[in-house]
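**Q** I have a structure I would like to understand better, so I am pasting it below and will then ask my questions one at a time.
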Amino acid sequence: MSLINSLPKPTQDDVNEEERKSFSAPIILMVIAPSYDQKRGWIAQNQENVCSKYKDLITSEITEDEDRCLQKPGEEKIQDTVERTRKALERVTNSKISAAMPVRAAPKQAPAQYIRYTSSQKGVVFNSEAEQRIIRMVEVQKDPIEPPKFKINKKIPRGPPSPPAPVMHSPTRKVTVKEQNEWKIPPCVSNWKNAKGYAVPLDKRLAADGRGLQPTHINENFSKVAEALYITYRKAREETETRAQMKKKIAQKEKKEKEESLRGIAQKAREERAGIISGITSLGNYDDNNDNVRKRELLRRERHNKRTRDRNLNRTNPEKMRNKLFKERERDISEQMALGLPAKRTMISEGQYDQRLFNTSKGMNSGFGYDEFYNIYDEPWRKTKDMVDYIYTGPRGAFRKSSGRSGPLKFERAEEDPFGLDQFLTQAKKAATKRPYEEKFREEKRKRD
Amino acid sequence: MTEVQDVQKHSVHTLVFRSLKRTHDMFVSDQRTIPALDEVAEKVKMRTKAKDMYGPFVHKVDELKALQRTRDLERLDDDSIQENGHESNALVPVTEESTATPQSSALSVIPQRKVVTIPKPKWHPPWKLFRVISGHLGWVRCVAVEPGNEWFATGSADRVIKIWELASGKLKVSLTGHVSSVRGLAVSERQPYLFSCGEDRQVKCWDLEYNKVIRHYHGHLSAVYSMTLHPAIDVLITAGRDSTARVWDMRTKANVHTLTGHTNTVASVISQATEPQIITGSHDCTIRLWDLAAGRSMVTLTHHKKSVRSVVFHPNLYMFGSASPDAIKQWRCPEGKFVQNLFGHNAIINCLAINSDGVLVSGADNGTLHFWDWRTGYNFQRLQAPVQPGSMDSEAGIFAMTYDKSGSRLITAEADKTVKIYKEDVTATEETHPVIWKPDLLHSTRRY
């Protein structure tokens with residue numbers, strides 16, 4: 001089968017004579033079968049008609065006259081074309097399919113040919129004396145699965161490409177700035193994708209997401225709730241603030257009172273130490289206590305000495321004096337020191353022991369009784385003196401000894417001036433006024449009123 | 001009464017323009033007719049020409065005339081002689097017409113141009129948006145109508161093919177299987193098959209009785225952008241980014257032909273039963289007409305200046321149209337002769353559609369639809385449907401469209417993820433939507 005057979009006939013056959021006449025434009029018809037060139041191989045004749053004339057460029061308006069040639073070809077013609085095409089395609093398809101098949105059926109052999117052969121040489125020697133002979137020609141049977149004899153895995157170079165078609169349009173014009181601007185395509189950005197990370201204006205963003213399409217309606221109760229919450233919150237804050245202030249004030253007051261009382265007690269104690277005995281008591285005990293006088297005298301002297309030493313020191317070495325003053329100022333003499341309390345032991349260095357266990361030879365058995373017996377808290381933990389003992393020791397140690405009192409000092413109502421001494425003294429003080437009866441009269445008058 | 005009315009003053013430019021217009025209107029009716037001949041001048045011209053060109057044997061004409069005269073006389077004498085064919089002794093073979101009136105034969109030398117009447121465009125009712133079908137999750141890239149006109153299929157960038165009822169617009173079936181966007185669809189007329197191709201290089205054959213893929217046509221080297229079925233032979237033709245069109249045998253899946261020749265992406269392929277059986281439009285700005293039987297290119301049309309994104313056959317006439325951003329062009333079929341240009345759609349035209357009424361629609365990347373009268377190239381309507389809510393204006397774009405089989409509905413596949421259906425406005429009449437048409441004389445002979 002030659003290649004020429006495989007190719008369909010040129011399409012010009014379809015255009016019959018009268019149609020060809022009716023075309024106003026001359027078609028360049030080149031009916032050329034594929035030709036073979038010794039050097040170039042098969043020359044493909046791809047382009048059968050080429051538009052290359054001026055007439056192919058200008059418009060040919062459709063008028064009524066031309067309608068005939070614009071009609072499609074008849075049914076038979078179409079059928080004919082289709083048949084032809086189908087056959088050609090079938091052929092190609094079959095060849096392709098058979099090539100792809102793994103096992104091929106053995107090709108059918110052509111029927112035997114019989115050839116009547118008359119020899120040109122006549123004679124006894126030739127042709128075994130026969131005038132004619134009949135030759136039977138049979139094809140040699142082929143092995144269907146015989147591998148191909150020739151290597152065909154080489155790439156066959158392509159045929160030359162078809163000649164370039166004539167360009168039938170004007171050269172492209174230079175793009176103007178306006179056109180360039182028209183071709184500026186905005187970057188591809190959406191609500192979901194923004195690969196290059198462009199900044200999208202907020203209004204554009206809102207416009208794109210379709211949120212503005214529905215009018216939003218918020219229930220007014222939301223605002224009411226919010227307002228109410230705010231007001232209650234503020235009120236609560238105010239209340240707590242006032243409460244806190246009140247508490248603070250009360251605490252301050254209490255603290256002040258406590259300090260006052262402490263200070264009073266401390267003052268008293270200091271005075272006692274210093275030997276300044278307040279009016280009435282000192283007066284009452286004046287006679288029967290020479291010892292006291294002596295003590296006071298001693299203390300006074302001591303203080304006097306100190307003052308003179310200070311003065312001398314100040315005169316001779318003011319620097320040292322200042323240092324001393326400074327030191328004294330820095331020195332903390334707290335109320336507790338003034339009260340003569342024992343220094344607080346912040347740290348107990350030794351372990352504490354259960355004293356019940358001391359001086360017993362039996363160990364645990366002696367200290368603790370049986371289960372029901374309760375002897376754990378039957379004694380005070382510490383047998384030291386209570387703090388109250390320190391505070392209310394009274395003015396004199398002898399006082400405690402004599403009364404044999406072990407608890408705090410109990411105040412008793414003083415006897416109602418047994419000697420009338422108090423009254424006398426107050427009258428003596430008041431005697432400074434020159435007219436006692438006038439005073440009396442005034443008193444009486446006040447009573448009357 | 002006697003008062004002289006003021007003449008409204010116009011600028012010289014306006015006056016000149018008006019005068020031009022009036023003149024134009026006066027002569028528009030008989031444009032292209034040749035002015036009447038001045039007989040005296042014509043006679044002088046002919047005599048001069050005869051003397052100049054035929055000087056040496058001009059006298060022969062007179063001789064012939066004389067001869068003829070005598071022969072006429074003879075004929076009058078003898079009516080039995082009917083034939084004139086035997087007088088072959090004359091130097092110039094003379095036919096009957098030329099001998100009859102020599103004056104007219106001289107005149108016939110001038111090519112008498114036919115008076116071309118410019119056809120008026122046919123009135124078409126305007127089209128209006130009729131239905132918007134939303135359901136796809138990506139750009140809708142292709143649409144195909146079933147031959148029975150019951151349903152249509154759309155393929156989208158969300159990798160799904162959806163089948164919709166044409167009458168109601170309801171979704172019937174969603175077909176999944178492609179792994180990239182679906183770019184081409186075709187429904188077979190003779191088998192219950194749907195064919196689809198996509199950017200995943202796959203060409204699939206769906207059996208619509210089972211809604212399953214039954215065949216793959218494997219061979220494209222890159223994305224497949226367009227496909228078509230041959231109306232009479234069981235082959236399908238696909239074209240794509242590998243700048244080839246491939247012809248597949250439907251049943252055996254064999255790649256019958258690989259149509260190579262384009263130098264860039266082939267954007268559109270169409271086929272018909274007559275020659276040329278395949279036409280492709282490509283991004284290399286050319287259109288190729290292919291001989292299907294031989295699998296080679298017959299004609300290359302290089303008239304377009306920009307990439308051709310769509311080619312479409314006229315349903316009745318032996319013509320086809322092609323669209324590129326510079327112009328829409330019409331061609332005559334067997335040999336691809338250029339017919340005319342349709343200018344005015346200044347956008348990237350993605351798709352074309354023609355119905356049997358002769359309404360050509362072009363849909364562009366910016367969402368505009370232009371409706372044209374095929375015969376005259378008159379643009380009778382321009383449309384731009386709004387995008388569906390939630391999409392941006394830039395998402396208006398028409399990727400594919402087709403008329404239904406009756407030609408009364410136009411289905412468009414759009415970038416706003418919807419399918420829109422248009423129909424003719426039945427209330428419109430010729431009075432409400434008149435044809436405003438001016439023959440474009442300037443551009444009538446426009447080239448390219």
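**Q** Calculate the mean, over all residues of peptide A:80-91, of how many other protein chain Cβ atoms lie within 10 angstrom of the residue's Cβ.
**A** Values: counts 1, 8, 8, 2, 2, 11, 7, 1, 7, 12, 3, 2.
Partner-chain Cβ atoms within 10 Å, mean over residues of A:80-91: 5.
**Q** Based on the Cβ-Cβ distance from B:GLN388 to B:HIS24, what FRET efficiency comes out when R0 is 41 Å, to the nearest 0.05?
**A** Details: r = 46 Å, r/R0 = 1.12.
The calculated FRET efficiency here is 0.35.
**Q** Between B:GLU395 and A:SER223, what is the label-to-label distance in nm when each label sits 7 Å out along the Cα-to-Cβ direction?
**A** 3.5
**Q** A:LYS174 versus A:LYS87, label points 7 Å from Cα toward the beta carbon: distance in nm?
**A** The two pseudo-label positions are separated by 5.9 nm.
**Q** Between A:ARG234 and A:ASP209, what FRET efficiency follows from the Cβ-Cβ distance if R0 is 35 Å, with the result rounded to 0.05? Provide the component values of the computation, followed by the final result.
**A** Numbers: r = 38 Å, r/R0 = 1.09.
Here the calculated transfer efficiency is 0.35.
**Q** Please state the Cα pair-distance histogram of chain B with 20 angstrom bins from zero: what percent is in each bin?
**A** Taking all Cα pairs of chain B, the binned fractions are 21, 40, 21, 16, 3 percent.
**Q** Next question. Do any chymotrypsin sites (Phe, Trp or Tyr not before Pro) in the stretch A:81-165 lie in a loop, going by DSSP, with at most 13 other beta-carbon atoms within 10 Å of their beta carbon, and if so which? Walk me through the intermediate numbers first.
**A** Numbers: sites: A:TYR114, A:TYR117, A:PHE126, A:PHE150; in loops: A:PHE150.
Answer in residue order: A:PHE150.
**Q** Grab the beta carbon distance between A:ALA244 and A:GLU272, set R0 = 35 Å, and tell me the FRET efficiency rounded to 0.05.
**A** Details: r = 42 Å, r/R0 = 1.19.
After rounding to 0.05, the efficiency reads 0.25.
**Q** Quick one: Karplus J couplings for the stretch B:128-138, per residue in order, coefficients 6.51, -1.76, 1.60, θ = phi - 60°, nearest Hz, x for Gly and Pro?
**A** Per residue, the Karplus-derived 3J(HN,Hα) values read 9, 5, 10, 7, 10, 10, 10, x, 6, 9, x Hz.
**Q** Longest span of chain B, sites excluded, free of GluC sites (Glu not before Pro) in DSSP loop with at most 16 other C-beta atoms within 10 Å? Don't skip to the answer; put the middle values down first.
**A** Details: sites that count: B:GLU3, B:GLU83, B:GLU87, B:GLU150, B:GLU189, B:GLU209, B:GLU430, B:GLU431.
Longest run free of exposed loop sites: B:210-429.
**Q** Between B:ARG215, B:ARG69, B:ARG131, where does the largest GNM mean-square fluctuation fall for chain B, given springs only between Cα atoms within less than 10 Å?
**A** The residue with the greatest mean-square fluctuation here is B:ARG69.
**Q** Where the eigenvalues come from the Cα gyration tensor of the stretch A:122-210, what are the semi-axes √(5λ) of the equivalent ellipsoid, largest first, in whole Å?
**A** On the way: eigenvalues 1385, 145, 30 Å².
In descending order the semi-axes read 83, 27, 12 Å.
**Q** Using a Gaussian network model of chain B with C-alpha springs under 10 Å, which one of B:TRP372, B:TRP290, B:TRP123 is most mobile by mean-square fluctuation?
**A** For chain B, modelled as a Gaussian network with Cα springs under 10 Å, the answer is B:TRP123.
**Q** Pick from B:VAL308, B:VAL44, B:VAL224 the residue whose mean-square fluctuation is largest in a GNM of chain B, springs joining Cα atoms under 10 Å.
**A** Highest fluctuation among the options: B:VAL44.
The numbers here are math on the coordinates, done by the rules we state, and not lab data. Please read these numbers as outputs of a predicted model, since none were measured by experiment. Positions of Cβ are backbone-derived with ideal geometry, glycine not excepted, and every protein chain shown enters the neighbour counts.
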